[in-house]
């Protein structure tokens with residue numbers, strides 16, 4: 001039988017990537033949490049934490065961390081069924097930034113209030129979020145992959161439409177040149193991060209070379225503000241751009257909108273609360289909010 005205090009310490013170290021941060025969250029000394037991990041490694045007979053410039057869990061350590069995450073979720077589910085309201089139900093999930101900035105909170109507001117849920121949300125690009133579910137760090141994931149992992153369910157939620165926008169004065173400065181390729185080469189783009197490939201891939205699909213200057217802004221709201229302020233051009237969800245229609249120019253009005261599918265993945269047997277959230281996300285009302 002495992003000592004779950006030791007496993008919880010291991011899981012927190014893996015999630016926070018720091019002995020110090022984990023000790024502060026668990027309200028114990030750094031020496032105490034180090035001793036817990038040493039004891040656990042001795043019991044298991046294997047190194048569980050890779051200590052170096054970047055702290056990470058070994059494969060065995062991650063497997064133990066995944067186990068304690070699922071056990072904690074089952075305990076919370078049991079308390080929920082027994083109407084034990086001492087501790088709100090916690091759901092650790094991954095959601096892409098653009099969904100958070102547009103439709104997510106409208107879709108989940110009533111659910112959140114009805115079920116007394118504490119969301120623990122990780123933000124990740126829609127093309128990369130599934131890795132956190134695979135690693136066992138979260139219970140659910142909203143991403144663009146339609147390939148379910150073993151032991152998970154996967155449902156289509158809806159398509160988010162994106163278009164290239166810029167401010168009027170930015171358009172006049174860069175995009176009135178007769179050669180659109182010249183404009184793309186000169187105009188500063190704005191992308192969410194180095195892992196965000198949608199901007200580049202879309203331009204390549206439309207036949208443009210993709211050597212251009214760019215800002216990196218890892219905030220959906222921040223990226224939209226940079227575009228509306230004329231600091232660059234970029235892909236915005238149509239939902240996010242609508243309130244700023246008078247301030248923005250659709251750079252490629254003759255091109256179709258870029259459709260990015262969203263899928264909800266979650267672990268089997270994670271409890272009725274997660275099942276209810278999943279039913280909400282794949283329902284017609286949510287599809288109407290995403291359009």
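To keep it simple, each residue is scored yes or no on (1) more than 21 Å from residue 139 (Cα to Cα); (2) surrounded by fewer than 16 Cβ atoms within 10 Å (Cβ to Cβ).
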site	(1), (2)
2	yes, yes
8	no, no
11	no, no
14	no, no
46	yes, yes
49	yes, no
56	no, yes
71	no, yes
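Tell me yes or no: at least one residue of region 169-192 is closer than 30 Å to residue 277 by Cβ and assigned by TED's automatic domain parsing to the domain that holds residue 240. Full working, then the answer.
Taking region 169-192 first, the residues closer than 30 Å to residue 277 by Cβ are 192.
From what's left, assigned by TED's automatic domain parsing to the domain that holds residue 240: 192.
Yes: one or more hits.
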Kindly provide the set of residues from region 216-230 that are surrounded by 15 or more Cβ atoms within 10 Å (Cβ to Cβ), more than 19 Å from residue 144 (Cα to Cα) and in contact with a helix residue (DSSP H, G or I) (Cβ under 9 Å, 6 or more places away or on another chain), ordered by number. 217, 223, 224, 227, 228, 230
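Considering 240, 255, which residue is modelled with pLDDT of 95 or more, at negative phi, in contact with a helix residue (DSSP H, G or I) (Cβ under 8 Å, 6 or more places away or on another chain) and not in a strand (DSSP E or B)? Lay out the reasoning, then the answer.
On the way: 255 fails: in contact with a helix residue (DSSP H, G or I) (Cβ under 8 Å, 6 or more places away or on another chain).
That would be 240, the only listed residue that is modelled with pLDDT of 95 or more, at negative phi, in contact with a helix residue (DSSP H, G or I) (Cβ under 8 Å, 6 or more places away or on another chain) and not in a strand (DSSP E or B).
Look through 233, 266 and report the one residue that is surrounded by 15 or more Cβ atoms within 10 Å (Cβ to Cβ), modelled with pLDDT of 95 or more and in contact with a strand residue (DSSP E or B) (Cβ under 9 Å, 6 or more places away or on another chain). First the steps, then the outcome.
Working: 266 fails: modelled with pLDDT of 95 or more.
Going through 233, 266 in turn, the sole match is 233.
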Going through region 26-43 in order, the residues found to be exposed (fewer than 15 other Cβ atoms within 10 Å of the Cβ) and either in contact with a strand residue (DSSP E or B) (Cβ under 9 Å, 6 or more places away or on another chain) or part of a helix (DSSP H, G or I) (or both) are 30, 31, 32, 35, 38, 39, 42, 43
Mind listing just one residue for me: the one in region 170-203 that is assigned to a loop (DSSP other than H, G, I, E, B) and more than 31 Å from the chain's Cα centre (by Cα) and, of those, surrounded by the most Cβ atoms within 10 Å (Cβ to Cβ)? 175
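The values are calculated or read from the model by the stated rules, or taken from the named source; none is laboratory data. Keep in mind that this is a model prediction, so the values were computed, not measured. Cβ coordinates were reconstructed from backbone atoms using ideal geometry, including for glycine residues, and neighbour counts include every protein chain displayed.
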